[in-house]
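Structure record follows, encoded as structure tokens.
We did not get these values from a lab; they are worked out from the coordinates using the rules stated. Just so it is clear, the structure is predicted and the values come from calculations on it, not from any experiment. Ideal geometry is used to build each Cβ from the backbone, glycine not excepted, and the neighbour counts take in all protein chains shown.
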Amino acid sequence: MKVCFLTLGCKVNQTESEALAQYAAEKGYEVVKETEQPDAVVINTCTVTATGSSKSRKLIHRIVKDHPSSVVVVMGCYSQISPGEIAKIDGVDLVVGTQDRLSVFDYLKQAGAGKTTGQTAGQKIKAVNAVNVFQKGLEYEELPLIVNESRTRAMLKIQDGCSQFCSYCIVPYARGPSRSRKPENIINETKALLNSGYKEIVLTGIHIGAYGQDLDNNINLAGLISELVQLDGLNRLRLGSIEPLEFTDELLTVIAETKVVCHHFHIPLQSGHNRILAEMKRPYTTEYYAGLLQKIRDRLPEAALAADVMAGFPGETEQDHQETLKFIEKCEFAGIHAFPYSRRPGTPAADMPNQVANKTKSARVRDIIGIGQKSKQKYSQKFVGQELEVLIEKVLEDGTAQGHTRNYLELKLPAQKGTEPWKPGQLVKCILKEEYLI
Ligand code: SF4
């Protein structure tokens, strides 16, 4: 049976789809592209914004239209939030949420048997397996090892779900409470990834700073990192996004005492205005946030510090926005991910008064992006003339190579002349020239 996986949304979704594709290949399925006439298409959906939901709906409609005789499975956050809506779409055969993902394969097995007797997707019984993510005792769902071709950077999922319930966010409803993966499984998977040649491992999850809170062996993110950095062959460990209050002194000390963890930290800010932060139910103030950046810079002066900033939360006035701009300018981020507030039905912020017009939100996003670009450039320029380590991730046809430094500068290195060509997976040292910066 030929199966194709299509993914929308965040890195966690990508990681989960890759894990399922790997599992499928091990079970004897042929994992193919959409153009290779798949017998089944598995769509991993997103609902974090209205755009995520809309893209998910459009993709489902297109797939059932373009592949009328394929089995169509829809899974992920959008399915978890709106299973009934998806089940109503003609041509969708199975709806799975954000848990019990391996049930996809039980279903495909049955569907495969159906195929041999001439049954088509339209004749099969539709099934909805979106389980309640708030049920008692729900644990982290182990998905198998991911080993893909690139052999450079691997995403390693250590945690799922979130219990924070920021007032604008649909994720806790879509993914359920925070669940941590057992440390021994993380360590085993790290060893397997290192054995297959990966040079960099990125710890991902929905809320990795909450790692360990639900486990009873007294481990937290700092403890997990201390164990991982001792593994032979681990050159680079990169951390996914960490909430401000969870970037603790203990974590900073563990990071500062090893050479393995990359000094590149993404710490969501969301707003530079304390009233808005409180209404967002974000548990810190701008003063706390600025103090945290200072503390990190005192110990790791060259660290790349990046943030998410949301524009147009309900009730955000022009003056609030201007204060946010001033604050983020002072933070001198190495990168900003700016995005407009998206009204998600079912969250408290969706019912708040004074929703901001889309046009205003877009203009505010542009302001934030402008500041982000300037501060990113200022940050990168500091390293011109310095020796940096680059992990080669891609070699282009003209022999040039692309990759990232430990502090996440994206570089393009010229083709090698008279020596061995660049190879993906190589860790090389270079003196940064301005023209290398992408
Ligand atoms: S911490 Fe807040 S923004 Fe992040 S996933 Fe949890 S609820 Fe959403």
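Mind scanning K157/K394; K199/K429; K199/K259 and naming the pairs with a C-alpha gap bigger than 19 Å? Display every interim value, and only then the final one.
Working: K157/K394 23 Å; K199/K429 15 Å; K199/K259 14 Å.
Violating the 19 Å Cα-Cα cut-off are K157/K394.
Give me log10 I(q)/I(0) at q = 0.18 Å⁻¹ for the range 387-436, Debye formula, one equal scatterer per alpha-carbon, no solvent.
Computed log10 I(q)/I(0) values: -0.47.
Give me the aspartates and glutamates in straight-line cross-link reach of K374: C-alpha distance below 13 Å, same-chain residues under 8 apart excluded.
Answer for K374, where 13 Å is the Cα cut-off: E329, E332, listed by chain and number.
Could you give the semi-axes, largest first, of the ellipsoid that matches the range 153-379, computed as the square roots of 5 times the alpha carbon gyration tensor eigenvalues and rounded to whole Å?
Sorted largest first and rounded, they come to 32, 21, 15 Å.
Once the convex hull of the C-alpha atoms of the range 2-129 is built, how many Å³ does it hold per residue, rounded to a whole number? Mind showing how you got there, number by number?
Working: hull volume 11.8 nm³, N = 128.
Dividing the Cα hull volume of the range 2-129 by its residue count gives 92 Å³.
Could you give the length gained on full extension between L102 and E287, defined as 0.36 nm per residue of separation minus the Cα-Cα distance, in nm? Intermediate values should be presented prior to the final figure.
Working: separation 185, 0.36 × 185 = 66.60 nm, distance 4.48 nm.
Roughly 62.1 nm would be gained on extension.
Hey, any idea what the orientation-averaged projected area of the convex hull of the chain's Cα atoms comes to, in nm²?
Dividing the Cα hull surface by four gives the mean projection, 22.3 nm².
Can you compute the radius of gyration and Dmax for the range 170-270, using only the Cα atoms, both in Å?
My reading of the Cα-based Rg and Dmax gives 13.6, 39 Å.
Using a Cα-Cα cut-off of under 25 Å, which lysines could be cross-linked to K109, ignoring same-chain neighbours fewer than 8 residues away?
Partners found: K2, K27, K33, K65, K88, K124, K126.
Past the 25 angstrom mark, what percentage of all C-alpha to C-alpha distances in the range 240-373 do you count?
27 percent
Over the residues of the range 279-438, compute the C-alpha Rg and express it relative to 2.2 N^0.38 Å.
Compactness ratio reported: 1.31.
Give or take rounding to whole Å, what are the principal axis extents of the alpha carbon atoms in the range 348-412, in descending order?
The Cα atoms of the range 348-412 stretch 54, 27, 23 Å along their principal axes.
Can you give the FRET efficiency for E139 and K417, using 1/(1 + (r/R0)^6), R0 = 51 Å, r = Cβ-Cβ distance, to the nearest 0.05?
Efficiency at R0 = 51 Å is approximately 0.40.
Quick one: compute the contact order of the chain, relative version, from alpha carbon pairs under 8 angstrom and 6+ residues apart, as a percent.
The value is 10 percent.
Looking only at Cβ-Cβ distances, which cysteines of the chain have no other cysteine closer than 4.7 Å?
C4, C10, C46, C77, C162, C262, C331, C430, each lacking another Cys Cβ under 4.7 Å.
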